[in-house]
Each structure stands twice: as structure tokens, then as C-alpha cells.
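First up is the structure itself, then whatever we jot down about it.
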Amino acid sequence: MTDERAMSETVAIILILCLVIVMAAIVLAFTTGIFSNLAKPAFVAPSMGTVTQSGKEAISLFNRGGDTLYLDVPRLQYNTMSVYLDTPNGTYLAHSAPDAGEFSPGTTLYVYKTATGYPITRNISALASPDAQSLPQGTITVRLVDDHAQTLISSWSGTVGATPTPTPTPTPPVPPAPVVASFTRSPVQGVVPLTVSFTDTSTGSVTSWHWSLGDGGISTERNLSHTYAEPGWYTVTLVVTNASGGSSTLAWNNCVKGILRAAFSGEPVSGTAPLTVRFTDQTYRDPTSWSWNFGDGDATNATEKNPVHTFSHAGTFTVSLTASDPQGADTVTKPGYVTVSTQPVPVAGFSATPRTGTAPLTVSFMDTSTNTPTAWSWNFGDGDVTNATQKDPVHRYASAGSFDVTLTATNAGGSSAPLTVLGYITVNEPPLPAPVISWLSPDYLRHGQSHTDVDVEGSGFVETGTTQVILRHAGDADIVGEWVKVLRPEHLIFDLAIPGSATPGDWNVVVINPDGQSYTLVGGFEVRD
């Protein structure tokens with residue numbers, strides 16, 4: 001009884017272990033992708049054969065239908081394919097060129113030989129490149145392998161070159177001609193509303209059409225007419241496809257255009273006369289000529305694109321623009337677009353600096369008149385009209401005096417009342433030069449002597465007014481010269497009498513101008529016994 005129980009427990013343990021092993025195997029299979037390899041096997045129905053281009057043979061692979069396969073991508077992914085060649089020289093793995101990474105239905109790939117291997121290309125013209133070579137002579141087997149499922153998709157064997165005699169192989173079906181989108185349209189331009197007829201001229205057994213008409217309209221008809229309600233530039237696109245899924249697209253830019261539409265703006269459009277307005281052409285599309293009417297009878301700049309026009313007198317003016325191109329013209333008119341009012345007369349005003357000083361005095365005047373004067377007339381009060389028509393003149397007063405200043409300001413509206421400020425500028429006489437004594441003759445006299453016309457040489461002697469000449473000595477009364485007369489600024493004469501009480505010795509000679517300026521020649525005259 002005990003042995004039977006032990007046997008039953010052993011059998012149970014073995015069954016449990018088997019179940020665990022089976023479950024682990026199932027998990028491992030799903031984890032490593034064994035079952036997934038079977039979930040979606042890659043499928044393609046190729047036609048394979050040889051083709052000659054530029055005197056060199058290559059192998060052509062045409063996908064007649066099925067899945068799209070991809071070359072040179074990481075393994076263990078769906079729909080990845082490798083191409084193997086079994087040649088007389090060994091087995092090689094072909095590698096794809098940049099343009100041949102995808103093997104979709106309706107496409108053809110070409111395998112050719114170079115010094116470094118067997119590239120795959122979508123463009124057969126690659127055989128014309130200098131590094132392209134002919135395939136090795138003999139039997140070559142091409143194998144298409146599903147990388148993910150590690151299964152053979154398809155294979156082909158054929159003899160390449162003159163020897164050995166090639167084994168007859170089925171002629172691959174001729175692939176359908178590729179579709180090429182093309183269409184015509186008429187007319188290509190005109191006046192809105194514009195109806196345009198589109199005619200399909202595509203090639204390649206087209207089975208469907210899709211039009212995008214550039215203004216939001218679409219159509220699946222082969223040929224159609226479409227009306228454009230607004231002027232503009234439109235891009236019309238046609239996409240055509242065939243039964244095998246091939247497609248082609250053609251787009252025409254600027255296919256339809258309407259007539260131009262004239263438009264403009266001006267700045268400023270109101271103000272006082274004279275008013276200068278800068279006009280800007282804003283016409284839709286690109287006109288080649290312009291004709292402006294500014295409404296004031298002045299045609300200056302009337303054919304420019306962006307004219308500048310001056311309205312010289314007051315009024316309300318209607319402005320129009322006619323813009324033209326080889327297809328036509330359009331006119332836009334803006335009634336009462338520019339308003340020009342009469343300019344108020346200026347009110348004269350001015351300031352100046354400095355307003356006082358000694359002659360000659362240079363004064364800077366500044367116009368402060370209101371209402372935008374355009375011309376000025378100054379009277380500076382001294383009879384000099386230099387700079388008298390400038391806005392802010394600089395004037396030089398050559399002599400002393402008190403001067404009245406008057407300004408009249410003018411604009412298109414008229415002239416201001418003259419503004420006169422009495423005694424506005426005061427110019428003083430310059431200070432007199434200080435006198436200087438160089439020598440006098442005679443330069444000595446005795447007690448009780450006198451001399452007429454003592455000569456004094458020097459400078460700064462003033463010819464107007466009273467000039468004094470005095471002899472001075474400490475402790476003595478001044479001896480005043482008589483009949484002082486200035487002959488010129490450098491020469492004067494006077495009469496001199498020496499009293500008997502004068503102390504013998506050197507006396508100072510003092511000359512005093514009428515304005516009080518003086519000069520002392522120390523010890524310049526000697527009194528003798």
C-alpha cells in the first residue's frame with residue numbers, strides 16, 4: 001500500500017514537471033519570435049530574368065503583387081528581405097543602393113556586379129557607370145529570403161553570358177507602363193468669372209483621377225470645366241493612378257489669373273495749402289503703366305507708380321488711378337479723397353541773443369512765428385539788409401546805438417502784420433584805448449621858464465574831449481599843462497610854464513584821456529635851477 005502511494009506521488013510530480021516544461025517552451029517561443037515568424041510570412045510574386053543595358057547584363061526582379069518588402073533593414077522585423085546570388089564564383093549577399101530600399105508591387109529592381117560586390121538599384125542606368133561590370137558567365141541562382149521568417153520567398157536560376165548555353169526560362173510578363181500625369185487647360189488667363197476647361201493627357205493605363213483646382217474645388221472626373229469667381233493665381237494639381245497602384249502627380253503653378261484691380265492710398269490726405277501728398281500704388285497683380293488724375297488740373301508725376309503731388313490751393317479733390325498691363329486696365333476713383341484747407345496767415349514772433357554788447361556786436365535771431373511761415377523779411381534797424389530773408393539770421397551791428405527790429409512772416413495764406421520791437425538791440429561804444437607816453441620834447445626846463453608846444457609822442461591819445469597833461473612831484477603842487485591839443489592818437493602838444501617854487505629834480509609826466517584812463521611816465525621831465 002505504501003509503495004503504491006509512493007508511485008502515485010512520483011507520477012504526479014513527473015506530470016507537473018512536464019506541464020511546466022511545456023509552458024516554458026511556449027513562453028520561449030513567443031519571446032524569441034518563433035510563432036511570430038509564422039504569423040505573417042512575407043509574400044511576393046516576382047518575375048525574374050536578365051536584362052542588358054550599356055553592354056552589361058543584370059538580373060531584373062519585378063514585383064507582380066503582394067507585400068512590400070524592404071532591404072537592408074534590421075533583421076527580425078516583418079517584411080524584410082535579403083537577396084542571395086549563387087554564382088560560379090561563390091555565394092554573395094546583394095546590397096541595396098540608396099534608391100532601392102523598398103520593393104513594392106509594380107516596381108522593378110536590378111542586381112548588377114561591381115568590383116566590390118552586387119548592388120541592387122531601381123535605376124537600370126546605373127549599368128552605364130564606370131564601376132559597373134557584367135555578371136560572371138555561367139549559371140546564377142537568385143534567392144529571395146524572408147529575413148523575419150528565415151524562409152525562401154522565391155528563387156530563379158539562369159545562365160548568364162555566351163557560355164554555357166542558357167537554360168530556357170519562362171519569359172517574365174511585361175510590367176505595365178508607368179503612369180505619367182499630364183493635362184492641358186484653356187484658357188490660361190482672362191477676366192473673372194473665368195471658366196477653364198481641363199483635359200487629361202496622362203499616359204500609362206490610368207484608372208482614376210483626382211483634381212485639386214486651387215480654389216478649394218476638387219473633382220474625380222477625367223476631363224472637366226471649372227469656373228473661377230475671383231481674380232488670383234491658382235495651382236491646379238492632378239493625381240492619376242493605375243490598377244496596380246502606381247501613381248503620378250502634376251501641378252501647374254499660376255494656371256489661372258484674373259484681371260488686375262486698381263487700388264491706391266495717399267498720405268496725408270488732409271491739411272493746409274500747399275499740401276504735399278505721397279501716393280502709393282496698391283494694384284492687385286503687377287501693372288506696367290499708371291495714369292493718375294489728382295483732381296486739381298496738375299498732371300505733374302501723373303504717370304509714375306508712386307507719385308508725390310503738391311496741392312497748391314484749397315479745395316476737395318477727387319483722385320483716380322488707371323492701372324494697366326498687357327491683358328487690360330482697371331480704374332479706381334475716390335471722390336473727395338484729398339481735402340486742402342486755406343492756410344492761416346502767420347503771426348510774427350522772434351527772439352535774439354545777445355541783445356546788448358559793445359560794437360561790433362553779432363546777434364543771432366530766431367523766428368518764433370506761428371502758422372508755418374515759408375518766407376521772412378527782417379529789418380534790423382541799422383540799414384544793413386544782410387541775411388534779411390533768412391528764417392533764423394545772424395546779423396552784425398558795426399556801430400553803437402539802440403536799434404528797433406521788425407519781422408514780417410509769410411506763407412501761402414498771406415503775410416503777417418509787421419512785428420516791431422523798439423530799442424530791441426543795444427550796442428555800446430567800445431572802451432577807449434589806454435594812453436601811453438613814449439617821450440616828450442623838451443624834457444627839461446629851468447625855474448621860471450616856459451615853453452610853447454611841448455611835443456609828446458605815444459599812443460592812445462583821444463582826439464575828442466579834454467585830454468590833460470600834468471607834471472607831478474612829491475611835496476609840490478601839480479604843474480598843469482595848458483592848451484593841450486591831440487594832433488593824432490600818437491601825438492599831442494601842450495604849453496608848459498615852470499614856477500620858481502618848483503623843486504628841482506625829476507618829475508613824473510601824467511596824461512589823462514577824456515574817459516579817465518591815464519598813464520604816468522615816471523621821472524619823464526626834469527626841473528632845473
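The values are calculated or read from the model by the stated rules, or taken from the named source; none is laboratory data. Only a predicted model underlies this, so the values are computations on that prediction, with no experimental measurement involved. Heads up, the Cβs are rebuilt from the backbone with ideal geometry, glycines too, and the neighbour counts pull from every protein chain shown. Calculation scope for accessible area: heavy atoms of the full protein, side chains included, ligands and nucleic acids excluded. Shrake-Rupley method; radii C 1.70, N 1.55, O 1.52, S 1.80 Å.
General observations
- Of all residues in the stretch 283-296 being in a strand (DSSP E or B) and polar (S, T, N, Q), the one that is most open to solvent (accessible area, probe 1.4 Å): N293
- Within the stretch 478-516, the residues that satisfy the criterion of being open to solvent by 60 Å² or more (accessible area, probe 1.4 Å) and either of a type in the set (K, R) or touching a residue at least 60 places away in the same chain (Cβ under 8 Å) (or both) are K485, R488, D515.
- Conditions (1) open to solvent by 40 Å² or more (accessible area, probe 1.4 Å); (2) in contact with a strand residue (DSSP E or B) (Cβ under 7 Å, 6 or more places away or on another chain); (3) at pLDDT below 95: number failed by G315: (1)
- Among the residues of this structure, T249 counts as one that is assigned to a strand (DSSP E or B), more than 30 Å from T322 (Cβ to Cβ), of a type in the set (V, I, T) and modelled with pLDDT under 80.
- First in the stretch 314-328 and in contact (Cβ under 8 Å) with a residue 60 or more places away in the chain and small (G, A, S), second anywhere and open to solvent by 60 Å² or more (accessible area, probe 1.4 Å) and in a strand (DSSP E or B), Cβ under 7 Å, 6 or more apart: A323/A329
- Residues located in the stretch 373-386, provided they are buried (at least 16 other Cβ atoms within 10 Å of the Cβ) and not hydrophobic (A, V, I, L, M, F, W, C): P373, S377, N379, G381, D382
- Screening the stretch 111-143 for residues that are modelled with pLDDT under 85 and β-branched (V, I, T) and picking the one that is farthest from the chain's Cα centre (by Cα) gives T116.
- Of all residues in the stretch 258-278, those being loosely packed, with under 15 Cβ neighbours inside 10 Å and β-branched (V, I, T) number 1.
- Checking each residue in the stretch 443-455 for being under 23 Å from Y519 (Cα atoms), in a strand (DSSP E or B), in contact with an Asp or Glu (Cβ under 7 Å, 6 or more places away or on another chain) and touching a residue at least 60 places away in the same chain (Cβ under 8 Å) picks out only Y444.
- Flag for T353 being at pLDDT 95 or above and within 30 Å of S459 (Cβ to Cβ): no
- Yes/no for D404 being in a strand (DSSP E or B) and surrounded by 13 or more Cβ atoms within 10 Å (Cβ to Cβ): yes
- For the stretch 105-138, a residue qualifies if it is crowded, with 16+ Cβ neighbours inside 10 Å and outside any loop (DSSP other than H, G, I, E, B), and the qualifying residues are T108, L109, Y110, V111, K113, P119, I120, T121, I124, A126, L127, A132.
Okay, residues lined up against (1) in contact with a helix residue (DSSP H, G or I) (Cβ under 8 Å, 6 or more places away or on another chain); (2) in a strand (DSSP E or B); (3) open to solvent by 30 Å² or more (accessible area, probe 1.4 Å); (4) of a type in the set (S, T, Y):
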site: T280; (1), (2), (3), (4): no, yes, yes, yes
site: D298; (1), (2), (3), (4): no, no, yes, no
site: N301; (1), (2), (3), (4): no, no, yes, no
site: V340; (1), (2), (3), (4): no, yes, no, no
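Yes/no per residue for (1) at pLDDT 95 or above; (2) at positive phi; (3) not acidic (D, E):
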{"site": "S364", "(1), (2), (3)": "yes, no, yes"}
{"site": "D367", "(1), (2), (3)": "yes, no, no"}
{"site": "W378", "(1), (2), (3)": "yes, no, yes"}
{"site": "V421", "(1), (2), (3)": "yes, no, yes"}
{"site": "E429", "(1), (2), (3)": "no, no, no"}
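- Among the residues of the stretch 63-106, those that are modelled with pLDDT under 70 and under 23 Å from S125 (Cα atoms) comprise D72, A97, P98, D99, A100.
- Search result, residues across the stretch 260-273 that are assigned to a strand (DSSP E or B) and either within 23 Å of G413 (Cβ to Cβ) or modelled with pLDDT of 95 or more (or both): F264, S265, G266, E267, S270, G271, T272
- Criterion applied to T280, T276 was being under 30 Å from H313 (Cα atoms), at pLDDT 90 or above, touching an Asp or Glu at 6+ places or on another chain (Cβ under 9 Å) and not hydrophobic (A, V, I, L, M, F, W, C), and the one residue passing it is T280.
- The listed residues are T370, T358, and the only one of them that is open to solvent by 50 Å² or more (accessible area, probe 1.4 Å), free of Cβ contacts under 8 Å to residues at least 40 places away in the same chain and among the hydroxyl-bearing types (S, T, Y) turns out to be T370.
- Residues of the stretch 456-472 satisfying the condition of being exposed (fewer than 15 other Cβ atoms within 10 Å of the Cβ) and in a strand (DSSP E or B): E457
- Screening the candidates G423, G465 for the property of being under 60 Å from the mean Cα position of the chain (by Cα) and closer than 30 Å to D404 by Cα yields one hit, G423.
- Checking each residue in the stretch 146-156 for being open to solvent by 20 Å² or more (accessible area, probe 1.4 Å) and in contact with a strand residue (DSSP E or B) (Cβ under 9 Å, 6 or more places away or on another chain) picks out T151, L152, I153, S154, S155, W156.
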